[in-house]
Every structure is written in C-alpha cells, then in structure tokens.
Amino acid sequence: MITKSVQILESSSNWQQALAQAVRDPAELLDMLRLPEELLPGAIMAAEQFPLRVPLSYISRIEIGNPNDPLLRQILPIAMETLSPAGGQLDPVGDLDAMQVPGLIHKYHGRALLVSTGACGIHCRYCFRRHFPYAEANPVAEYWQQTMDYLSRNTEIQEIILSGGDPLSLSDRRLANMLQQLEELPNLHTVRLHTRLPVVLPARITDRLLKMFTNTHLRCVVVTHINHPNEIDEAVRRAMQSLKPAVSSLLNQTVLLAGINDSVEVLTNLSQRLFATEILPYYLHQFDPVQGAMHFAVPVEKGRQLMQAMQNSLPGYLVPRYVQESPGAKAKISL
Ligand SMILES: *Cc1c(COP(=O)(O)O)cnc(C)c1O
Ligand code: SF4
C-alpha cells in the first residue's frame, strides 16, 4: 500500500502536493510501518511539543517493522523527548543573541544567515532550532526592508546563507523574488542554501529551480543535509545529477547522532555514497545540546575516534570536518 502511494507521488511533479500529503499522525505512521502499538502514547506526547512530519517519499526508505531503522529514528517522536535530561537548552547555539534583525543571524565574518522560513519538509527530532521562535522572527514576511538595509550597510557580507526551516520549502516564485533582490547588493557574490528537501523529496528539484540557479550571476552553493547512506536512493541520485551542473558546489553536512550514524561503517559508507551522488562531505556536526533531544548526543571523544578511523580509510576529500557550533565564537570550532 505504501509502495503504491509513493509511486503515484513520484510520477507527479507536484512537490507541493507531496509536502501537503506528509504524514503527521503518529498512529498512521506506526500503522504504515507495522510498528508496535506500545510506541503510540509516547509518540503522541512528544508530537505535542514538536509535531511529527514526514513525506511519503522518505517513509518509503524506512524498513517495515524495524523500530531501530536509522531513518525512522530521525523522525519518530518518542517518550524520551518529554523527559528532560540535564544539559539540554532552548537555544544551544546562541542564535538569538546573534540576531541583527529578526531572522538575520550575523555571527561570522563575510557571511550572514537568513532564517528564510519556519517551514520544513520533514521534522527531525534532533533539530537544534526545534524551539526557535519562527513566528516572531520571520524576516521574509515582515522584516525584509530592514534585512536589506542591514545587508547594504554591512558591505563586508559577501555571502548569504538561506537557512530555516528549509529554504526550499518556499515556492520557486518566492525564491526567485528573494534572489532578484539579493542580486542588487553589490558586494554579494554567493548565495548558499542549507536544505534537507532534495533528499527528503527529490521532486523538489524542479526545472524552474535549476533555471534560477543557472541564470543568476550569484554563485550558488547547495549544502544538503544527509545523515545516513539509506537516505540516498535512486530518485535522490538522479535529482542531484541534475542539480550538479546548475550550482558551483554541492556539499553535505551531517549531524553525528547516537544510534543513527555513530559508527565507522555508516560514516564511511555515507561519504562514499555522497561521492557517488555528486556531493562532497563538508561538515560532521557535533550534536547541539537542544532540550528534548539529548538522547542523540555522542561524546566528543567517540566522535574523534570515528574521525580518525575515517581518515584511515578514505581519501582526504571524502573526510568531512568535525565541528561544533559555539555561542559567541568567531567560527565553528574544529574538534
Ligand atoms: C554555520 C553558520 C554559518 C556558516 O559557516 P561556514 O563555516 O561558512 O559553513 C554562518 N552563519 C551562521 C550563523 C552559522 O551557524
Ligand atoms: S529540516 Fe533542518 S530545520 Fe527542519 S527540522 Fe530538520 S534539521 Fe530542523
């Protein structure tokens, strides 16, 4: 039954419709994947704090009947989230202190990050912005003029990072609008999108999007967010193949997550799969200690051992940099 609905979606180019059909009901998800009913009360409780959201195309890559599937664990709300182990924070990376205009985060020299929308194609349980006040800090809706003024005044900013939420959950028309206005900033030469949508919903790579990237004079960099090799299926590979010639660089960031990708085999395999998908590994992020997701934390010592093991078995260009976001620092901290 799942296979059937997924096939229908893939033959349709309407990614917005596919997003609207994302599963939000924990009972429905457990039923589709034939998972034990005992998981339901915890899932409902945790989803009240941060709703479940997962498109069918992503569900199709999850193994039926396996509660430990590494993709499932990224999206299934669990009771543990509602307990509050020590160390979890609401804003672990200091986003709010670095906000210059609501939604515009200028922490590092030469580049500024725009929270371009609060919407995402999928809800990742480990998300460090799961408590971000999107409703009050939506630059595109309410603070666009202030944002543009800030960017024009601060001529050292040469690169804009569109983040979110997920910038590719905006329509092509709204993205084109934004790009057109950014093009008028004389010092800006690069626009970078941090997005999970191409892997969650490969149909998002539309012809219009490709044209937009090709036609702008700005250099376009796309940083995908892929955590596990099983996330890359044939549809993702094809989407990336079409995206590659339209952008300057195609990079990936991964969050190191306990029980999901904290093994040499998985990380090595991920790097190789990324390369076969035209993507180079960029960052391996130490988990940001966000409240409600502390069960995903991997100790830095273990992360370092994994990095060493990866260095011993991969060419240098397939080894990501192991970093941590630190409030107030001038750059991400190299671990
Ligand atoms: C991660 C991040 C960047 C980009 O940093 P790079 O090291 O250039 O990838 C920029 N601004 C903010 C606020 C960030 O969190
Ligand atoms: S897509 Fe990105 S911003 Fe959205 S929930 Fe996942 S990690 Fe967070």
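Expressed as a rounded percentage, what relative contact order does the chain have, with Cα pairs under 8 Å and six or more residues apart? If you can, show how the numbers build up before the last one.
On the way: 603 pairs, mean separation 54.9, N = 335.
Relative contact order of the chain: 16 percent.
Towards the positive end of the charge dipole of the chain, with charges on Cβ (+1 Lys, Arg; -1 Asp, Glu), say which of 128, 256, 236 has the farthest Cα.
Going by the Cα projections, it comes out as 236.
Based on alpha-carbon centroids, what's the gap between the stretch 238-262 and the stretch 155-209 in Å, whole number please?
Between the Cα centres of the stretch 238-262 and the stretch 155-209 lies a distance of 16 Å.
Using Cα positions and a limit of under 12 Å, work out the aspartates and glutamates in reach of residue 244, with same-chain residues fewer than 8 apart set aside.
278
Run the quick spin-label model on residue 275 and residue 80: label points 7 Å from Cα toward the beta carbon, then report their separation in nm to one decimal.
Distance between the two pseudo-spin positions: 3.2 nm.
So what is the 222 nm mean residue ellipticity for the chain from helices alone, if each DSSP H run of at least 4 adds -39500 (n - 2.57) and you divide by all residues, rounding to the nearest 500 deg cm²/dmol? Kindly include the intermediate steps, with their values, before the conclusion.
Values: 14 runs with 117 residues, N = 335.
The helix-only estimate for the chain comes to -9500 deg cm²/dmol at 222 nm.
Students often check this: by mean Cβ neighbours within 10 Å, which of 90-98, 148-156, 282-290 ranks highest, and how do the rest follow? If you can, show how the numbers build up before the last one.
Numbers: 90-98: 16.7, 148-156: 14.0, 282-290: 21.3.
For the peptides 90-98, 148-156, 282-290, the packing ranking is 282-290, 90-98, 148-156.
Taking a cut-off of 16 Å between Cα atoms, list the aspartates and glutamates near residue 211, but don't count ones fewer than 8 places away on the same chain.
172, 183
What size of dipole, in debye to the nearest 20, comes out for the chain about its Cα centre when the only charges are +1 on Lys and Arg C-beta atoms and -1 on Asp and Glu C-beta atoms? Don't jump to the answer; show the numbers that get you there.
Details: 29 positive and 32 negative charges, 162 e Å.
With only Lys, Arg, Asp and Glu charged at Cβ, the dipole is about 780 debye.
Please give every one of the lysines within straight-line cross-link reach of residue 107, meaning a C-alpha to C-alpha distance under 23 Å, and leave out same-chain neighbours fewer than 8 residues apart.
Within the straight-line cut-off, residue 107 pairs with 330, 332.
Antiparallel as a % of all DSSP beta bridges within the stretch 60-186, to the nearest 5?
On the way: 5 of 10 bridges.
Looking only at bridges with both residues in the stretch 60-186, the antiparallel portion is about 50 percent.
Relative contact order for the stretch 87-233: what percent, with Cα pairs under 8 Å and sequence separation of 6 or more?
Numbers: 214 pairs, mean separation 33.4, N = 147.
The value is 23 percent.
For the stretch 47-193, what is the charge dipole size about the Cα centre, in debye to the nearest 20, if Lys and Arg each add +1 at the Cβ and Asp and Glu each add -1 at the Cβ? Please list the in-between numbers first.
Numbers: 12 positive and 16 negative charges, 60 e Å.
Its charge dipole is roughly 280 debye.
Would you pull out the residues with amide H under 5 Å of residue 119's amide H, same chain only if 5 or more places away, H placed 1.01 Å from N?
For residue 119, the qualifying residues are 166.
Values in this text are rule-based calculations from the coordinates and carry no lab data. Given the structure is predicted, the values throughout are model-derived calculations rather than measurements. All Cβ positions, even for glycine, are placed from backbone atoms using ideal geometry, and neighbour counts span all protein chains on display.
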